[in-house]
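To start, the structure itself, in structure tokens.
What follows draws every value from the coordinates through simple rules; no lab data is involved. Remember, predicted model here, so these are calculated numbers, not experimental data. As a convention, Cβ positions derive from the backbone with ideal geometry for all residues, glycine included, and neighbour counts pool all protein chains shown.
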Amino acid sequence: MKKVMMGNHALSFGGMLGRAQVIAAYPITPQTQVVELLSEMCADKTLDATFIKVESEHSAMAASIGASLAGARTFTATSAQGLALMHELLHWASGGRNPVVMGNINRAMAPGWSIWSDQNDSLSQRDTGWIQFYCSNNQEVLDTVIQAFKVSEKLMIPSMVILDAFTLSHTYEVVDLPDQKKVDEFLPPFRPEIKLTPDDPHAFGGLTSPEHYFELRYKLQKDMEKAPALIEKTGKEYEKMFGRYLGQVEEYRCDDADFIFITSGTVGSTARVAIDELREEGVKVGNLRIKVFRPFPFEKVRNIIKKAKKVAVVDRNISYGHHGIFYQEVKSAMFGHHNSLPIFGFIAGLGGRDVTPSTFREILGHVQKKDKSEEEIIWIGVKK
Amino acid sequence: MIEIRFHGRGGQGTVVASKILADAIAKEGNYVQAYPEFGVERRGAPVFAFIRIDDKPIYDKSRIYKPDHVVVVDPTLVDVIDVTEGLKEGGMIIVNTDKNPEELKFPDKYKVVGVNATGIAVKHKLGTLAAPIVNTSVVGAVVKILNLANIKSLLEAVRENVPMKHEENTAAAKEAYEKA
């Protein structure tokens, strides 16, 4: 069934179709319509789930972890400052191997106070041990939530499904709602091997001596390393049933491209418009949109961009004192493999500054002028 | 692709108008993208909403700077802001007004159509004369003038989106559609 919905509600419907059993959330800004709709669904029994209203995002994640430990499929959502407040518990969720799935609306961090998009909130959580999916349209948001439950529960690692503020969160698009029966077939109920239950008492998260802690982290990394293959497999399975493939990256006209843009989120959608225009003019350009940031799809990226003459990474984020964050990852993907490939780093669209098809023309102009990349950041559209 | 910009004031239901329009268009199998311009607008402040329509998926997620058409939900905005900013030559300006549209003195390069949406809304008891709820009447006229959807899709979309006064809103949209 096709339905016009905003990105926030695409997250809600993803949680509903995935049959989340517990939703814990703090209902004040920066919370959005995601949990508003889910709370209505819980109230009118469209969704058979327990809605736990808590007093902060920190508590929202704590409640989610508890529910997940007890064997419930758990969903929540947050944004920006709310995600930052969860930070401690994000480590707890991954370290405790609780496959919580959470929507995060990419809003710029305050101050200055902002309700518009950039990626510094979620990228600041890079090392918390969560899988991170970045979406470029509302259909992808819904499809990703369903697939994230499957991937997370298989690996016992939590996932974040991330979308741009306003550009997706409050933008209405046509979304195809998959049939519940087929979703149930794709995503069977969550049945963890070990769970918190009075019938079979265990202690979780206790003091862990140097004798054991190291191995727990080794195992988390080893399971994270299984994610790329699993995400591809799950994506193909989903495609077979619903006609849409997820995977780790989206490659657009990269095959014979001299120049490749590397993008994420909605920036990677607008890039396609620029590419079609530039191709019409005879410029061989392509776009590689990174859908999964953690674990980073090193092999995919390497194989797709190695034949290009130049690569431009467009970051809607920054690691202060260094560079754009995707830029760093792409550089490290190529280091030791294709050291001579010029990779240029651009920063655009911070705090919701618009990224348009002409942004990519401007970027291409910079790239065409230089033979090799300099380490300095190229700022697009900043008023200096 | 058709790109339309809506001008209204906070509290007039401009965002809901764009959602109704998006639903009506989607019901006929087309692709649509609708979004409000976000800020911290208060009731009465000028607000915008944008809508893109195509028969194939819409990848452009940037704002609309050069609309094909504009819709002016509140006639008093014409004196306050330039509603023609970026409007393409030959573009349509659909204005909610009870005046002869020629009196609004828009440049000749645009086609101007007046719709008395306030009159229709008040007749159907939607809001008050001081604060009429004109969004369903405006959408009814826009759908007809720009030939965006059929009446059945329009009325279904109105019914699904308005929070109250379903019959009155549907009747207003229908009347605006038929008169336009």
task = For residues that are surrounded by fewer than 19 Cβ atoms within 10 Å (Cβ to Cβ), assigned to a strand (DSSP E or B) and at the interface with chain A (Cβ under 9 Å from one of its Cβ atoms), tally how many sit in the range B:19-49.
result = 1
note = Only one of A:K284, A:K306 is farther than 18 Å from A:Y134 by Cβ and in contact with a His (Cβ under 6 Å, 6 or more places away or on another chain), namely A:K306
task = Sort out which residues of the range A:359-384 are of a type in the set (A, V, I, L, M) and over 18 Å from A:K331 (Cβ atoms), and write them in order of number.
result = A:L364, A:I380, A:V382
query = Which of the following residues is of a type in the set (A, V, I, L, M) and in contact with a helix residue (DSSP H, G or I) (Cβ under 6 Å, 6 or more places away or on another chain): A:A43, A:A24, A:A67?
reply = A:A24
task = Working only within the range A:219-272, note down all residues that are within 20 Å of A:I305 (Cα to Cα), within 14 Å of chain B (Cβ to nearest Cβ) and either in a loop (DSSP other than H, G, I, E, B) or more than 16 Å from the chain's Cα centre (by Cα) (or both).
result = A:Y252, A:R253, A:F261, A:S264, A:G265, A:T270, A:A271, A:R272
task = Give the residue that is surrounded by the most Cβ atoms within 10 Å (Cβ to Cβ), with candidates limited to residues of the range A:320-345 that are among the aromatic types (F, W, Y) and part of a loop (DSSP other than H, G, I, E, B).
result = A:F335
inquiry  = Would you confirm whether or not the range B:57-79 contains a residue that is within 14 Å of chain A (Cβ to nearest Cβ), of a type in the set (A, V, I, L, M, F, W, C), in contact with a Lys or Arg (Cβ under 8 Å, 6 or more places away or on another chain) and within 27 Å of A:S169 (Cβ to Cβ)?
reply    = yes
key: Among (1) under 18 Å from the mean Cα position of the chain (by Cα); (2) assigned to a helix (DSSP H, G or I); (3) away from chain B (no Cβ under 14 Å), the one test that A:N303 misses   = (1)
Criterion (hydrophobic (A, V, I, L, M, F, W, C) and surrounded by fewer than 23 Cβ atoms within 10 Å (Cβ to Cβ)) met by exactly one of A:A257, A:A227 = A:A227
request  = Go through the range A:11-45 residue by residue and tally those that are over 16 Å from A:N104 (Cα atoms) and not acidic (D, E).
outcome  = 12
note = Of all strands (runs of 3 or more DSSP E) fully inside the range A:46-139, the set with 3 or more residues that are of a type in the set (A, V, I, L, M) and within 20 Å of the chain's Cα centre (by Cα) is A:101-106
